[in-house]
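J.: Could you have a look at this structure, given as structure tokens, before my questions?
The values are calculated or read from the model by the stated rules, or taken from the named source; none is laboratory data. On a predicted model such as this, the values are computed, not experimentally measured, just so you know. When we count neighbours, we look across all protein chains shown, and the Cβ atoms used for this are built from the backbone with ideal geometry, even at glycine.
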């Protein structure tokens, strides 16, 4: 989006969340939430930590999911495998990831993205479980979905997070690699 359009939308308070990242304006227009609400659909956003904080301030009932890599080395390998970014960009992304991971405790759910098929199943379970909770209607056949979602709650995944957090802390103290 052109810079002038972004600034105009910010001025008119047309964003649910917005940020200036490396000189580029990003945001989620409020109209997308209105459209989702009118059609009875969920609105799933792929946003950074500061966007999530803005959403939670505006919509405290919003459900937040932090998608975390299995560890720093795997994240770096994934970034390199994409072959889209120069070395400087990869290093900047790793530093940003390290800073963002420090905010994991602010999220309702933590999804460790180690295997794509399992991550998709966990994300689907979280979405379905939240729909069930909000509707107040669920039966015994929903128990597996609810349990899978519950397994991604911070209180239930904290132990599994420790080696991941350590991999980012170790990289920060050793200069990145």
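J.: For a quick check of your reading: which helices (runs of 4 or more DSSP H) sit entirely within the range 68-156 and have at least 1 residues that are surrounded by fewer than 15 Cβ atoms within 10 Å (Cβ to Cβ) and modelled with pLDDT under 90? Before the answer, list the steps.
T.: On the way: elements: 72-82, 87-101, 116-135, 143-150.
By residue number, 72-82, 87-101, 116-135.
J.: Here's something else I'd like to know. In this structure, is residue 65 touching a strand residue (DSSP E or B) at 6+ places or on another chain (Cβ under 8 Å) and farther than 30 Å from residue 34 by Cβ?
T.: On the way: touching a strand residue (DSSP E or B) at 6+ places or on another chain (Cβ under 8 Å): yes; farther than 30 Å from residue 34 by Cβ: no.
Considered against the rule, which asks whether it is touching a strand residue (DSSP E or B) at 6+ places or on another chain (Cβ under 8 Å) and farther than 30 Å from residue 34 by Cβ, residue 65 comes out as no.
J.: What's the total number of residues in the range 43-67 that are in contact (Cβ under 8 Å) with a residue 40 or more places away in the chain and surrounded by 12 or more Cβ atoms within 10 Å (Cβ to Cβ)?
T.: Here is the first cut: in the range 43-67, the residues in contact (Cβ under 8 Å) with a residue 40 or more places away in the chain are 44, 48-49, 52-53, 56, 58-59, 63-67.
Now narrow it down to the ones that are surrounded by 12 or more Cβ atoms within 10 Å (Cβ to Cβ): 48-49, 52-53, 56, 58-59, 63-67.
Number of matching residues: 12.
J.: Continuing with this model, one more query. One residue is enough: does the range 149-158 have a residue meeting the conditions in contact (Cβ under 8 Å) with a residue 12 or more places away in the chain and more than 17 Å from residue 62 (Cα to Cα)?
T.: Of all residues in the range 149-158, those in contact (Cβ under 8 Å) with a residue 12 or more places away in the chain come to 149-154, 157.
Now drop any that are not more than 17 Å from residue 62 (Cα to Cα), which leaves 151, 157.
Yes: one or more hits.
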